[in-house]
Amino acid sequence: MPAFYKFARNVFSLVLIGGLAAQKVGEEKQAENEEHDKEFHKYNEPQGTS
C-alpha cells in the first residue's frame, strides 16, 4: 500500500508543477501580447484621425 501512496503523491506533484508551469507560460504570453499591442498602437493611428 505505501507504494500506491508514493505513486499518487508523485502524480499529484507532477500535475501541480505542470499546471503552475502552464500558468506561468500563459502569463508571459499575455504580457508579450500586451507589449506588442502597445508598440502597434504607438506607430499605427486609427484611420480617420490624421
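Rounded to the nearest 500 deg cm²/dmol, what is the calculated helix-only ellipticity per residue at 222 nm for the chain, with -39500 (n - 2.57) per DSSP H run of length n ≥ 4?
Values: 1 runs with 42 residues, N = 50.
Counting only the DSSP helices, I get -31000 deg cm²/dmol.
State the answer as a single residue: which of 30, 41, 20 lies farthest towards the positive end of the charge dipole of the chain, with beta carbon charges of +1 for Lys and Arg and -1 for Asp and Glu, about the Cα centre. About the Cα centre, the residue reaching furthest to the positive side is 20. Label positions at residue 27 and residue 6, each projected 7 Å from the Cα along the C-beta direction, are separated by 3.4 nm.
Axis angle, to the nearest 10 degrees, between helix 2-43 and the longest C-alpha principal axis of the chain: 0 degrees. Each Lys and Arg Cβ is given +1 and each Asp and Glu Cβ -1; about its Cα centre, the chain then shows a dipole of about 560 debye. Just to be sure I understand: if I project the alpha-carbon convex hull of the chain onto a plane and average over all orientations, what area do I get in nm²? It is 4.0 nm².
Here, each number is a calculation from the coordinates, and none is a lab measurement. Worth saying up front: this structure is predicted, and the values here are computed from it rather than measured. Here the Cβ is made from the backbone with ideal geometry for all residues, glycine too, and neighbour counts use every protein chain on show.
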